[in-house]
Amino acid sequence: MKRSTTLAGAFSFALLFTPLCAQTADGDNAALRDEVLTLRGEVRALQQDMRELKQVVSAARRPAGWEKFDAVLGPEDSPQLGAKGARLVLIEFSDYQCPFCARHYTETFKQLEQDYVAAGRLRYVVAEFPLTQLHPLAAKAAEAARCARDQDKFWEMHAHLFANQRQLEPWAAHAAAIGLDADRFKTCMDSEKYAGEILKNAAAAQQGGITSTPTFLLGIASGDTVKVVRRLRGAAPYAAFKTEIDALLAEPVAGDTPSGDRAN
């Protein structure tokens, strides 16, 4: 595995920096240029496959299931879905180039939205955590989602980026696909309006012990903060979320008195 990575890296370097030398005819020059561009694309695809393979290996080493976790977070500025008064909050640390994040969105998120978010029992928060060493476009993709949020279309962009994970650029194509104002979106992206905030969030996640995506924190809402009590690392089936969410929902709310002892 290590040998293959080294060879691919060297191959990539050679292709990306090979000059397009002058040819004896314009046709030869164009043909060579097209060939080099094709090879560059193939190398980038290979590099992405290798990054995803590394994540597969890493995920296989993670402990399965929910674990106890103690933290207090204030996620109010993060993109979120659901009733502000929902008792439980699920925070997802996500990366738009992470294949497991895409799998979670496709296989699990929509059912959570239907059964818990729409029912007012759960608020869902997306905390961007671009793993830039593995995924060079993830931070910019997070910016694209935030810029779409300025036009009240965060969730549309969120879905579209995951659906087109292997072809994130050009960003304008995603904006057009979900009906954004193109000029407004371009201005937001060019200004890097949210770049610093996204990187700051990622740094805070690492300081809090989050090291991989997707990572989920499940907690109890308390005003503007969330008291986190459980953590899950890696994509998991809907049933795993349902079991833990139902268990927390079944717990008595602090301060409640059981019906048999309620004062008259």
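The values are calculated or read from the model by the stated rules, or taken from the named source; none is laboratory data. Because the structure is predicted, anything quoted here is derived from the model rather than measured. Note that each Cβ is placed from the backbone with ideal geometry, even for glycine, and that neighbours are counted across all protein chains shown.
Yes or no, residue by residue, for (1) touching a Ser or Thr at 6+ places or on another chain (Cβ under 7 Å); (2) closer than 30 Å to Leu249 by Cα; (3) assigned by TED's automatic domain parsing to the domain that holds Thr243:
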| site | (1), (2), (3) |
| --- | --- |
| Gly82 | no, yes, yes |
| Tyr105 | no, yes, yes |
| Leu112 | no, yes, yes |
| Val125 | yes, yes, yes |
| Pro130 | no, no, yes |
| Ala141 | no, no, yes |
| Ala159 | no, yes, yes |
| Gln165 | no, no, yes |
| Leu168 | no, no, yes |
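Among the residues of segment 219-231, what is the count of those that are in contact (Cβ under 8 Å) with a residue 24 or more places away in the chain and either under 15 Å from the mean Cα position of the chain (by Cα) or in a loop (DSSP other than H, G, I, E, B) (or both)?
1
Of everything in segment 48-89 that's at pLDDT below 55 and exposed (fewer than 12 other Cβ atoms within 10 Å of the Cβ), which residue is nearest to Ala138 (Cα to Cα)?
Looking at residues that are at pLDDT below 55 and exposed (fewer than 12 other Cβ atoms within 10 Å of the Cβ), I get Val56.
Residues being surrounded by 14 or more Cβ atoms within 10 Å (Cβ to Cβ) and either part of a helix (DSSP H, G or I) or of a type in the set (Gly, Ala, Ser) (or both): count how many of those fall in segment 173-196.
Count: 7.
Among the listed residues Phe241, Phe216, identify the single one that is within 14 Å of Lys68 (Cβ to Cβ), of a type in the set (Phe, Trp, Tyr), at pLDDT 95 or above and not in a loop (DSSP other than H, G, I, E, B).
Working: Phe241 fails: within 14 Å of Lys68 (Cβ to Cβ).
Just one listed residue meets the conditions, Phe216.
Which of (1) modelled with pLDDT under 90; (2) farther than 30 Å from Pro136 by Cα is the odd one out, the single condition Gly208 does not satisfy?
Exception for Gly208: condition (2).
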